[in-house]
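Shown next, in structure tokens, is the structure this report addresses.
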Amino acid sequence: MPTVLDSLNTALRQALTQDERVLILGEDLLDPYGGAFKVTRGLSDAFPGRVLTTPISEAGFTGLAIGMALRGLRPVVEIMFGDFLTLAADQIINHAAKFRWMYNGNKPETERVSLPLVIRTPMGGRRGYGPTHSQTLEKHFLGTPGLVVLAPCALGDPGQLLLDAILFTNDPLLFVENKLLYLAQVQDITQSDDFEFRIHNDRTDAEPGFAAPTYLCRVRGAPPPTLTLTAYGYMAELAQQAQRRLAYEHEVFVELVVPTGLSPCKMHPLLASLERTGRLLAVEEGTRNLGWGAEILARSAEALGARLKRARRLAAHDLPIPASGPLEAHVLPSVENIIQCCLEMTQSD
Amino acid sequence: MPTVLDSLNTALRQALTQDERVLILGEDLLDPYGGAFKVTRGLSDAFPGRVLTTPISEAGFTGLAIGMALRGLRPVVEIMFGDFLTLAADQIINHAAKFRWMYNGNKPETERVSLPLVIRTPMGGRRGYGPTHSQTLEKHFLGTPGLVVLAPCALGDPGQLLLDAILFTNDPLLFVENKLLYLAQVQDITQSDDFEFRIHNDRTDAEPGFAAPTYLCRVRGAPPPTLTLTAYGYMAELAQQAQRRLAYEHEVFVELVVPTGLSPCKMHPLLASLERTGRLLAVEEGTRNLGWGAEILARSAEALGARLKRARRLAAHDLPIPASGPLEAHVLPSVENIIQCCLEMTQSD
Amino acid sequence: MLPQKNLWAMKTMQQIEAELYRAMFRIRRFEETVLDNFPKGVFFGTTHTYLGQEANAVGVLHHMNQDEVVFSNHRCHGHFLAYGGDARALFAELMGKASGVCGGRGGSQHLHWRNFYSNGVQGGIVPIAVGAALAEKRKGARAATVAFLGDGTLGEGVVYEALNLAALWQAPILFVVENNHIAQTTPVELALAGGISARFAAFDIPARELDTSDVMEILPAAGALLEQVRTQSAPRALILHTWRFGPHSKGDDTRPAETIARLRQSRDPLTLHAARLSPAEKEAIEAQVEDEIQRAYQQAFADPYSSIADL
Amino acid sequence: MLPQKNLWAMKTMQQIEAELYRAMFRIRRFEETVLDNFPKGVFFGTTHTYLGQEANAVGVLHHMNQDEVVFSNHRCHGHFLAYGGDARALFAELMGKASGVCGGRGGSQHLHWRNFYSNGVQGGIVPIAVGAALAEKRKGARAATVAFLGDGTLGEGVVYEALNLAALWQAPILFVVENNHIAQTTPVELALAGGISARFAAFDIPARELDTSDVMEILPAAGALLEQVRTQSAPRALILHTWRFGPHSKGDDTRPAETIARLRQSRDPLTLHAARLSPAEKEAIEAQVEDEIQRAYQQAFADPYSSIADL
Ligand SMILES: Cc1ncc(C[n+]2csc(CCOP(=O)(O)OP(=O)(O)O)c2C)c(N)n1
Ligand SMILES: Cc1ncc(C[n+]2csc(CCOP(=O)(O)OP(=O)(O)O)c2C)c(N)n1
Ligand SMILES: [Mg+2]
Ligand SMILES: [Mg+2]
């Protein structure tokens, strides 16, 4: 199987091939460099004039892309590090996310605006890049009305998710790629010896052709799970490792739920699992407060009431991310942390 | 009693008087205009050279204030509308909030930086200002490590909260003022005929002299509450109205918990109340997803497990805020909505 | 002025002058009607009127073709009406009516109709305008994009990111800076170091400055720049030194009354231009416009509020 | 160069020249040691070396007094060392050791020591530097603040907000633009429309440009500008056209090897300046510095990692 990086790179290539309205904008995208994380490698050579390397102006070129999208193109923006999304926050929250709804009141179909914009960005730590190049900041953008947030994982087909987003979204969409995921192998979920998968192919209602699947994963042949573990992106990889070790080393069986749609978040696969287990652990790489896990726990509590017997979040410590390896490893949630948490939650009750 | 506006204005005056390191920066602050919402009225005349009217450069003058704070002043920034905090997001999240921790590793006390910066801003709708001047955007800043977020309410002493923040914080601090709160009368909680109050005077550990109280409010003489209602800022006013009507018109008795510290959030007064009621409704003016209420519900679920029998959030619809009065009123949570929710939550079980 | 555009070639100068007067007077009466009726509580939120600056929008947008694009700001009524927007729909938008430009969702500052867009965040729409111009360029259209911005908005950094990108990528866009010498209550001297045209020069964008309220000076200057934008597919700037006659929004003018009175005396675009019309023509136009605006107001007033069913 | 500063008046030109060489050579050897050892896995994250630009930091920061303030960027090692920073502490910071400048929290780009600050977000620190300069001014100090920024960073809008505010409020700050003609892999021509000095002129900030790698040209120019900053309490800019000899970070140089070779030939600040020293002096300095850097590296290497107990 290809790596997630290959899969995303192929998707960008397909998007450029299949729809000539597609353009890519971002810093240092031109070949031979092909972008800081190489997701756009080879594209500027293959599609001259359609991969635009920009000045260091995150707000400015995001704004340009918004204007392009308003006027009928389907731009894709790369923000070199997700940490710098903060610079485009006003363009995203007060411009892109609002226009479609705000302008379209009461208008006939033909006079409505749409804003098909995909903003891709790498997030995450564990590479020693320090406080301004290691964050998981999507939590600051989740819950923005009018903004869709997706996060690929190594399960299924991350490239397809990106391709669908580029070709079919009519709303601005943030596509969050964890850096460590890039080099992970895509897992063929139809051919796993160790795990059993189910897919909930949540087509978001508004976007025909555009699906953000949720994956359910169990250790093959395991007894019914006693805890529901949920995580996205690269944390889903770590969660899966924890899940396997919990089964083999501790005989604790958990069900892993991996959404690719973070906002809006579709809860039914998770809730269905919780009805079975009554125990929830949400794991994320960002800091805990007001993180993705907060919304997951809140919705679970709303839906289940007293049937939610135990709920916890595992997240980064409430600190900036240190550069020093041992400190960084301590601050971010690990496989060990997940195992520990699951054991605590399933043992005492 | 004075209005909340008067109380805040007095606090700024006291801060300028008591500590000459205090400066105020923001747009259109000079008298006779004295700022768009008049919180700074009279100050530039009284303190020449210490109230600086700025160009329309939210990131720029927030950055200036960060530099001033790093170098020993205690600046106060006003962002004219909270909607424009997005423009200062990078300065707040990637600069102000990080510096203190990131720079201070392993340093002797005398060589450490501190960053005593207060950013005040009006938030909220119900004035017909439309999608870019009516939002409640603090949720995007909650949970930023290193950033304190406070919201005054009409209970107790909103000015004291601001004064303490300006004089005693050593960390950057966001102070969120709801626009409709400005004209509300401060409620003297020691002299209420209708309500009984208790204060939890949560002194945040790191900041001597600096407290962000939580208020507990019950209808005087009411039987034990069956639901815990929590809200902050202007929503606390509406929640109190709902609380009274629930008692008098429906004989449903709820306990209202009003924090002034949003991040970090101190949970024990709320959790203590939930131990009594087992039912939680969190009300906020921002949109629901990844809002303040998500964190409240998540923490409650973590702490109470199955003892949390019912939990819900009431928040703005997941849309930009429309300018048209009837639409805006519908999109934002109302007293009626709160009553309705409380009735649903206490009737069926 | 979209509807009249195709007839341009066939028009006499006199006809054009009359049209310009009509367009400016329409804005003037619209805005006065807004301010007069605001205290009655018929409008939601607030408003920023274009009083005194009418010649700018009219002089520039007279040249726009159907397929061309306009980006505006908080002070957008004048731009919208000069673009050809409907007065009733605009009144209705301010009143929160279903018949409003955006069905009442946007209100005074957030308009979209055809190729006209405005938003309430200063400066943020400028890079978006550059992107729109580049999109039209990519489509092979020879369409110019116009972006209006105020002197105060030159405080926003994103404007310079946009200028740099516009120049680097040769976006066919005309930046129109309306320097009305004030931003809300802040005089331009307190907010702006250096010079406005130097800021465009720094990014290699040729700029022309005019210190006039005469639409007949603005018209040809704007026309020439727009032709350059179209034929050379490159950015240009037009800096219009102008004066705001009314408050920033409502009742928030801190300038001395005499200053305003003097400006109204010497720099009123309507008075200046009216001198070119015969009294009879002027009166006829004014009567027609008066009637149009009053009817527009009444119709909007009678229209139903936006309904939550449409949310 | 803090420690030596007080002796300045007493020094001969020859002593100063020797010191400048020492300071530049120290940076050179520090950076080479970083790049050489990176593949061994001793450092965390990444790094941006100052190779080729040594004369800038040394020529400018030689003039700084103890109470003066420096704001730097991602390419901060040279600035830090020229400011007087300790090589061992910097190695240790890159290695994630407790003895590092910030105890390993910051790493290569995020340094603070005394009045020296850097951060990894391009441009964001520039308004902060202006605020710091204004704070010193308010304290009545005659202290200058220096802010370094690269050509690519001129893409960030907040830089222009900062320039405007610096000029309006007359902040005593020297902006030092190091135009090394490239930003990561993007040549300055693809990222910058117009001119660099025009961008300062647009905000009324006098700028001086130098196209040199000779520290003896930079030194007096910077000295004169800093004196203006101090005595006139006003902003100035120094634009240094310079060349990056190494990769942007590690192994990511897309420029042809011959280009780099040619630059190293013609524009090496060390070669240029070495010609002023006697061979014996040069050798003596180099040997001492070599020893200092190697010891610093070894000590840092032996230091313990940052401990989670300190978090
Ligand atoms: C980002 C942002 N900051 C502040 C405001 C509040 N505001 C609205 S209009 C205005 C003044 C704008 O001045 P200028 O650009 O000169 O336009 P004018 O009002 O004079 O037409 C301000 C500060 C805003 N709308 N957006
Ligand atoms: C806001 C932001 N965007 C992008 C980056 C990634 N980045 C780091 S250095 C760099 C190039 C900077 O170029 P320049 O300012 O010329 O400095 P130089 O590296 O040439 O010294 C980029 C794009 C960043 N650190 N911050
Ligand atoms: Mg103005
Ligand atoms: Mg450079």
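Structure data summary
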| quantity | calculated |
| --- | --- |
| Residues of region B:293-330 satisfying the condition of being over 20 Å from residue A:295 (Cβ atoms) and without any contact (Cβ under 8 Å) to a residue 60 or more places away in the chain | B:306, B:307, B:309, B:326, B:327, B:330 |
| Residues satisfying the stated conditions in region C:158-209, i.e. among the hydroxyl-bearing types (Ser, Thr, Tyr) and away from ligand 3 (no atom under 15 Å from the Cβ) | C:160, C:197 |
| From A:271, A:304, A:343, residue being under 20 Å from the mean Cα position of the chain (by Cα), surrounded by fewer than 24 Cβ atoms within 10 Å (Cβ to Cβ) and over 22 Å from residue A:176 (Cβ atoms) | A:271 |
| Cβ-Cβ under 8 Å pairs, at least 6 apart or on other chains, region D:182-200 side within 14 Å of residue D:149 (Cβ to Cβ), far side within 16 Å of ligand 1 (Cβ to nearest atom) and of a type outside the set (Lys, Arg) | D:199/D:160 |
| Output for region D:93-120, where each listed residue is more than 7 Å from chain B (Cβ to nearest Cβ) and under 10 Å from residue A:324 (Cβ atoms) | D:93, D:94, D:95, D:96, D:97, D:100, D:107 |
| Criterion violated by residue B:71 - all others in (1) basic (Lys, Arg); (2) without any contact (Cβ under 8 Å) to a residue 24 or more places away in the chain; (3) touching a strand residue (DSSP E or B) at 6+ places or on another chain (Cβ under 6 Å) satisfied | (3) |
| Selection count where residues are more than 11 Å from chain D (Cβ to nearest Cβ) and in contact with an Asp or Glu (Cβ under 9 Å, 6 or more places away or on another chain), scope region C:189-216 | 4 |
| Sole residue being under 20 Å from residue C:214 (Cβ atoms), of a type outside the set (S, T, N, Q) and within 16 Å of ligand 1 (Cβ to nearest atom), chosen from C:260, C:285 | C:260 |
| Count of residues meeting criterion [among the charged types (D, E, K, R) and within 14 Å of chain A (Cβ to nearest Cβ)] in region B:141-177 | 1 |
| In region A:89-98, the residues that are within 14 Å of residue B:91 (Cβ to Cβ) and within 18 Å of the chain's Cα centre (by Cα) | A:89 |
| Cβ pairs under 7 Å, 6+ apart, first in region A:180-192 and among the acidic types (Asp, Glu), second at pLDDT below 95 and surrounded by fewer than 20 Cβ atoms within 10 Å (Cβ to Cβ) | A:188/A:1 |
| Helices (runs of 4 or more DSSP H) completely within region B:43-140 that count 2 or more residues being at the interface with chain D (Cβ under 9 Å from one of its Cβ atoms) and of a type outside the set (D, E, K, R) | B:58-70, B:97-103 |
| Residue in region D:74-82 that is within 18 Å of residue A:320 (Cα to Cα), crowded, with 24+ Cβ neighbours inside 10 Å and either more than 15 Å from ligand 2 (Cβ to nearest atom) or charged (D, E, K, R) (or both) present | no |
| Residues of region A:22-41 classified as at the interface with another protein chain (Cβ under 10 Å from one of its Cβ atoms), under 10 Å from residue A:54 (Cα atoms) and part of a strand (DSSP E or B), total | 2 |
| Any hit, region D:33-46, residues being among the polar types (S, T, N, Q), over 26 Å from residue D:275 (Cα atoms) and either in contact with a Pro (Cβ under 8 Å, 6 or more places away or on another chain) or within 14 Å of chain A (Cβ to nearest Cβ) (or both) | yes |
| Lone qualifier among D:194, D:157, D:223, D:152 - being at positive phi and either more than 16 Å from ligand 4 (Cβ to nearest atom) or in contact with a Pro (Cβ under 8 Å, 6 or more places away or on another chain) (or both) | D:194 |
| Residue within region D:34-43 that is within 22 Å of residue D:229 (Cβ to Cβ) and either buried (at least 16 other Cβ atoms within 10 Å of the Cβ) or modelled with pLDDT of 95 or more (or both) present | no |
| Test: residue in region C:53-71 that is touching a strand residue (DSSP E or B) at 6+ places or on another chain (Cβ under 7 Å), of a type outside the set (Asp, Glu), more than 16 Å from ligand 4 (Cβ to nearest atom) and within 13 Å of chain B (Cβ to nearest Cβ) | no |
| Qualifying residue in region D:14-27 (condition: of a type in the set (Asp, Glu), within 14 Å of another protein chain (Cβ to nearest Cβ) and farther than 22 Å from residue D:107 by Cα) | no |
| Selection within region B:238-285 - hydroxyl-bearing (Ser, Thr, Tyr) and within 14 Å of chain A (Cβ to nearest Cβ) | B:263, B:277 |
| Test: residue in region C:48-67 that is modelled with pLDDT under 95 and among the hydroxyl-bearing types (Ser, Thr, Tyr) | no |
| Conditions (1) in contact with a strand residue (DSSP E or B) (Cβ under 9 Å, 6 or more places away or on another chain); (2) at positive phi; (3) within 14 Å of chain C (Cβ to nearest Cβ); number of the one not met by residue D:165 | (2) |
| Residue that is nearest to the other protein chains (Cβ to nearest Cβ), among those in region C:121-151 that are surrounded by fewer than 24 Cβ atoms within 10 Å (Cβ to Cβ) and assigned to a helix (DSSP H, G or I) | C:138 |
| Checklist (1) in contact (Cβ under 8 Å) with a residue 24 or more places away in the chain; (2) buried (at least 19 other Cβ atoms within 10 Å of the Cβ) applied to residue C:65, failing item | (2) |
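Here is a yes/no grid of residues against (1) surrounded by fewer than 24 Cβ atoms within 10 Å (Cβ to Cβ); (2) modelled with pLDDT under 95; (3) not assigned by TED's automatic domain parsing to the domain that holds residue A:162:
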{"site": "A:236", "(1), (2), (3)": "no, no, yes"}
{"site": "A:254", "(1), (2), (3)": "no, no, yes"}
{"site": "A:257", "(1), (2), (3)": "no, no, yes"}
{"site": "A:264", "(1), (2), (3)": "yes, yes, yes"}
{"site": "A:278", "(1), (2), (3)": "yes, no, yes"}
{"site": "A:286", "(1), (2), (3)": "no, no, yes"}
{"site": "A:294", "(1), (2), (3)": "no, no, yes"}
{"site": "A:298", "(1), (2), (3)": "no, no, yes"}
{"site": "A:315", "(1), (2), (3)": "no, no, yes"}
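Results for (1) surrounded by 19 or more Cβ atoms within 10 Å (Cβ to Cβ); (2) modelled with pLDDT of 95 or more; (3) farther than 27 Å from residue C:183 by Cβ, shown as yes or no for each residue.
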residue	(1), (2), (3)
C:230	no, yes, yes
C:267	yes, yes, no
C:290	no, yes, yes
C:296	yes, yes, yes
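The values are calculated or read from the model by the stated rules, or taken from the named source; none is laboratory data. Treat the numbers as computed from the prediction; the structure is a model and nothing was measured. Note that each Cβ is placed from the backbone with ideal geometry, even for glycine, and that neighbours are counted across all protein chains shown.
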